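K.L.:
Can you read through this structure? Questions will come right after.
Any read-out appearing in this document is the output of simple, stated calculations on the displayed coordinates, not a laboratory observation. Quantities reported herein were computed from a predicted structural model and do not represent experimental measurements. Quick reminder, even Gly has a Cβ in these numbers, built from the backbone with ideal geometry, and neighbours come from all protein chains shown.
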Amino acid sequence: MLHGKIKLNTKWINMTKILLIEDDLEFAQLITEFLQTRSIETITCDDPFKALVLDLNEFDLVLLDLGLPGIDGLEVCKEYRQKSKIPIIISSARSSVPDKVLGLQLGADDYLPKPYDPDELYARIISLLRRSKEEFFKEEKIFEIDEKACDIKYKNQALYLTQAEFEVFRQLIKNEGSVVSKEQLIYEAKSIVSSDGKSLEMIISKIRQKLKAFSEDKIIRSIRGRGYRVVI
């Protein structure tokens, strides 16, 4: 079985919400603005005692400073880990090895010494979320081409194509994103007898009708004067 186009489901990014426990509000604002450009929402809490009573189920990740007023961030990390498996990144100017070791031993998933490049922070956030939100990273099969059955499945739904429809659609899928000329499609589809283009137009129309049963998206696009293109 030959698999068609496979896309990665990344809709989770736009739903990500981070709790930033940081008493340097200017720094917190910079991080918040940066992550916002990456479609990540950040809620800042500069009071660690208030942070300890928040419902962690509302967040996907905690970005935790250590130099907090009234209580050490390591203690916050310890308490969080006792009641939740939420990913925790320690973000601190304290970069000594003992602090790093203790932070990781208390349950932090990563330790990022300040100052750091925001892009590195983002990369580490994505890395942790990839592990904690594994279901959002499962590959979604858009098309499956079954050469033996001469049929194509769209999102696991059989289209029940005729031989000519199968040959045409298979060629379009293999060239997904690129324009395939009418001449090339007719040449590749051995079941098409007529070369005047009308038979091809009818086949394309029938494939579109079958796709419409499962999707309102215009998957097969007509490119005037050039041919057709599959857009997923």
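K.L.:
Rounding to the nearest 10 and keeping the result within 0 to 90°, find how far the Cα-based axis of helix 163-174 lies from the longest principal axis of the chain.
P.N.:
Approximately 40 degrees, to the nearest ten.
K.L.:
So, with +1 on the Cβ of K and R and -1 on the Cβ of D and E, and no other charges, what is the size of the charge dipole of the chain about its Cα centre, to the nearest 20 debye? Provide the component values of the computation, followed by the final result.
P.N.:
Working: 36 positive and 38 negative charges, 349 e Å.
With only Lys, Arg, Asp and Glu charged at Cβ, the dipole is about 1680 debye.
K.L.:
Also: Round to the nearest 10 and give me the degree value, 0 to 90, for the angle of helix 118-132's Cα axis relative to the longest principal axis of the chain.
P.N.:
The answer is roughly 70 degrees.
K.L.:
Taking only DSSP H segments of four or more residues, each worth -39500 (n - 2.57), what value at 222 nm results for the chain once the sum is divided by all its residues, to the nearest 500 deg cm²/dmol? List each step's numbers first, then the result.
P.N.:
Numbers: 8 runs with 86 residues, N = 232.
Helices in the chain give a 222 nm mean residue ellipticity of -11000 deg cm²/dmol.
K.L.:
Select one label from [x] 18.7; [y] 19.7; [z] 21.4: the one whose number is Kirkwood radius over Cα pairs in Å as derived from the coordinates shown.
P.N.:
This structure yields the entry labelled [z].
K.L.:
Once the Cβ-Cβ distance between S191 and R38 is put in as r, and R0 is 45 Å, what FRET efficiency do you end up with, to the nearest 0.05?
P.N.:
Given R0 = 45 Å and the Cβ-Cβ separation, E is 0.40.
K.L.:
On C-alpha positions alone, give me the angle between the axis of helix 25-36 and the longest principal axis of the chain, in degrees, nearest 10.
P.N.:
Value to nearest ten degrees: 10.
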